[in-house]
Each structure stands twice: as C-alpha cells, then as structure tokens.
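To start, the structure itself, in structure tokens.
The values are calculated or read from the model by the stated rules, or taken from the named source; none is laboratory data. Please read these numbers as outputs of a predicted model, since none were measured by experiment. So basically every Cβ, Gly included, is an ideal-geometry build from the backbone, and we count neighbours across all protein chains shown.
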Amino acid sequence: MGRLAGKTALITGAARGIGRAIAIRFAAEGANLLLCDLNLDGLREVAAEAESMAVETLCLRTDVASRDQVQALVDEGMARFGMIHALVNNAGIFFNAPFEQTTDQQYDRIMAVNVKSVFLVSQIVIRHWLQRETKGAIVNLASIGAAVAFVDSSAYCMTKGAVATLTRCIALEYGPRGIRANSMAPGIIDTPMLPSVEDNENWANNTIPLRRLGEPRDVADVALFLASDESRYITGEMIFVDGGWMLN
Ligand SMILES: NC(=O)c1ccc[n+]([C@@H]2O[C@H](COP(=O)([O-])OP(=O)(O)OC[C@H]3O[C@@H](n4cnc5c(N)ncnc54)[C@H](O)[C@@H]3O)[C@@H](O)[C@H]2O)c1
C-alpha cells in the first residue's frame, strides 16, 4: 500500500519543476491530488501522468496570491475529496536584482507570491482542519536563502526567511491541535526557475559536497516524508536539501 494511500494532497505551483515532481511522487504513493498553478495546460499534463497511477486529480487555475481564488480552490477541493491531508506550499518566483535597483513592483509581487500565498493557503486550509477530527500536515518551500545571504537576491531571501518563520509559528500555535508544519530549504535544484543551468552545473561539480545540482525528485522525496505519518513527531523544522552546500 502507498505511503499516502487514501489521502489527498494540495500542491501549489504544480505545473512544472519541484511542484510537478512532488505531485508525481505523491501520486506514486497513492495520494489524490488537488493541483493549482497559473499554467493550466502544464497542470493537465501532470494530472494525466498522475491519473495513470490510478489516483484522482482536480486541477484549478489559481493565483495563490489572491484570497478569493485560494478560497475557491480549497472549497472545491474539500467538496470533491472531503479532506486535504497534506498541503505543500510550493508556488514561488525568483529574480536577480541588486538591492538598490529592486523596484516596488518586483518587491510587491515576490512578497505576494512567495509569502502572502503561504499565509493565505495555510490559513484557509487550517480553518477547514479546525472543524474536523482529522488534521493534516503543511510542507513549505523555503530555501537556503532563508538561512544565508546571497548577492542580488535580497527580496527573494527575505521571502524565504518569512516562509521559514511562518512555518515555525504555525507549528507552535497549532501543534496542540494536531497540525504539523515543516519547511524544506533546497539548495540549487535543476528546474526552469534557474537562469543558467550550465554555469550552475560547473559550479556544483566544484563546490557542492555531493558534487551535483539537486534534482526535483531530491526535494520530492523529502516532501513525501514530511507529508506522511513517518514524520509524525517532527514539526517546526526546516530541512536542508542542498547536497551539503551549507557545510561550506
Ligand atoms: N529551483 C531551485 O533551485 C529552488 C531552490 C530553493 C527553493 N526553491 C523553491 O521551490 C519552489 C518551486 O521552485 P521551482 O524551481 O520548481 O520553480 P518553477 O519556476 O520551475 O515552478 C514554479 C511554479 O509555480 C507557479 N507559480 C508561480 N507563480 C504562481 C502564482 N502566483 N500562483 C500559482 N502558481 C504560480 C509557476 O507557474 C510554476 O509552475 C519555489 O517556492 C522556489 O522558491 C527552488
């Protein structure tokens, strides 16, 4: 029997990259999937692959920075599946810019997509959980940028620091009511979010202790652990998925 058999997972930003890998990994373990993204075509491809593993899916085009759209997503998901057992707040954006050149528009958008979305989706899902006997687990995508500084990435690092902090606060506030929340801090993972994979590959081969870039499935396996009962006594943690980069 799959490690998430009979459970339902909500995964945001599931059309590609890490979110896609998490969706496929969870489906392989028997989870039904509530998937959202701005890219509905990409989501449908992921859903088709998941359905070939005999799970059910529901895909909704959702901007995770919009309360109305997130409310509709969660309400439809609950109506369809009856429960969301695992929430993976994965949707995110990234840009490089020197701090003094970062615009208000860039700041507002990255805060909305990377931080407000985690606040909104978690709050709306937790409200459902509080009305039910069965509770669930939250898995958030932070980044090593939550723990260390990077040049030309101040806005992005701020957002990931906020995600790590919100995760700990939710874990503390709702642990007594049976809700867990953890985050993952990936290093450099080979997804379309990365600007130049070739440069990054050379860099990783020389710098990362495990001598390679991360792959989306490296992160998906940790997400599976944190979403499943196997991590039942772990909450408020941030797990680095970085090939040992933080050891340097
Ligand atoms: N790739 C890395 O090296 C890396 C490292 C650390 C953390 N992360 C984090 O992991 C998560 C996934 O990253 P990825 O590399 O797979 O990125 P990606 O760009 O490949 O995928 C992100 C997905 O999120 C979706 N998305 C963006 N804005 C959205 C919105 N407003 N509403 C709904 N969906 C939206 C995109 O359409 C896309 O499908 C992000 O939170 C990212 O910050 C990535």
Report task. Name every residue in the range 108-117 that is buried (at least 17 other Cβ atoms within 10 Å of the Cβ) and touching a helix residue (DSSP H, G or I) at 6+ places or on another chain (Cβ under 7 Å), in order of residue number. Result -> 110, 114, 115
Requested in this report: For the range 125-168, name all the residues that are within 16 Å of the ligand (Cβ to nearest atom) and among the hydroxyl-bearing types (Ser, Thr, Tyr).
Outcome: 143, 153, 154, 156, 159, 165, 167
Query raised in the report: Does the range 200-210 include one or more residues that are modelled with pLDDT under 95 and among the hydrophobic types (A, V, I, L, M, F, W, C)?
Result: yes
Requested in this report: Scan the range 192-207 and give yes if some residue there is more than 20 Å from the chain's Cα centre (by Cα), crowded, with 20+ Cβ neighbours inside 10 Å and not acidic (Asp, Glu), otherwise no.
Outcome: yes
Report task. Would you mind stating whether residue 171 is among the small types (Gly, Ala, Ser), in a loop (DSSP other than H, G, I, E, B), more than 10 Å from the ligand (Cβ to nearest atom) and at pLDDT 95 or above? Result -> no
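Yes or no, residue by residue, for (1) of a type in the set (A, V, I, L, M, F, W, C); (2) more than 20 Å from residue 118 (Cβ to Cβ); (3) without any contact (Cβ under 8 Å) to a residue 12 or more places away in the chain:
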{"residue": "160", "(1), (2), (3)": "no, no, no"}
{"residue": "166", "(1), (2), (3)": "yes, no, no"}
{"residue": "192", "(1), (2), (3)": "no, yes, no"}
{"residue": "210", "(1), (2), (3)": "yes, yes, no"}
{"residue": "213", "(1), (2), (3)": "yes, yes, no"}
{"residue": "240", "(1), (2), (3)": "yes, no, no"}
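For every residue, the table says whether it meets (1) touching a helix residue (DSSP H, G or I) at 6+ places or on another chain (Cβ under 7 Å); (2) within 13 Å of the ligand (Cβ to nearest atom).
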residue: 23; (1), (2): yes, yes
residue: 32; (1), (2): yes, no
residue: 39; (1), (2): no, yes
residue: 51; (1), (2): no, no
residue: 61; (1), (2): yes, yes
Report task. May I ask you to list the residues in the range 174-190 that are closer than 20 Å to residue 225 by Cβ and either under 14 Å from the mean Cα position of the chain (by Cα) or near the ligand (Cβ under 10 Å from one of its atoms) (or both)? Result -> 181, 182, 183, 184, 185, 186, 187, 189
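If you take the residues in the range 118-165 that are outside any helix (DSSP H, G or I) and touching a Lys or Arg at 6+ places or on another chain (Cβ under 6 Å), which one is surrounded by the most Cβ atoms within 10 Å (Cβ to Cβ)?
Our first condition is that a residue be outside any helix (DSSP H, G or I); within the range 118-165, this holds for 131-143, 147-153.
Filter again for touching a Lys or Arg at 6+ places or on another chain (Cβ under 6 Å), leaving 137, 142-143.
Numbers: 137: 24, 142: 28, 143: 30.
That would be 143.
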Report task. Tell me, please, whether a residue that is at pLDDT 95 or above, under 23 Å from residue 3 (Cα atoms), buried (at least 20 other Cβ atoms within 10 Å of the Cβ) and away from the ligand (no atom under 12 Å from the Cβ) can be found in the range 232-245. Result -> yes
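Can you go through 77, 13 and tell me which one is of a type in the set (Gly, Ala, Ser), within 10 Å of the ligand (Cβ to nearest atom) and under 30 Å from residue 110 (Cβ atoms)? Steps first, answer last, please.
Working: 77 fails: within 10 Å of the ligand (Cβ to nearest atom).
So the residue among 77, 13 that is of a type in the set (Gly, Ala, Ser), within 10 Å of the ligand (Cβ to nearest atom) and under 30 Å from residue 110 (Cβ atoms) is 13.
For the range 218-239, name all the residues that are hydrophobic (A, V, I, L, M, F, W, C) and closer than 18 Å to residue 17 by Cα.
Initially, the range 218-239 is screened for residues hydrophobic (A, V, I, L, M, F, W, C), giving 219-220, 222-227, 234, 238-239.
Scanning the range 218-239 gives 219, 220, 222, 223, 224.
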Report task. Considering only the range 91-116, state which residues are more than 12 Å from the ligand (Cβ to nearest atom) and either under 13 Å from residue 158 (Cα atoms) or touching a residue at least 40 places away in the same chain (Cβ under 8 Å) (or both). Result -> 96, 97, 98, 99, 102, 106, 107, 108
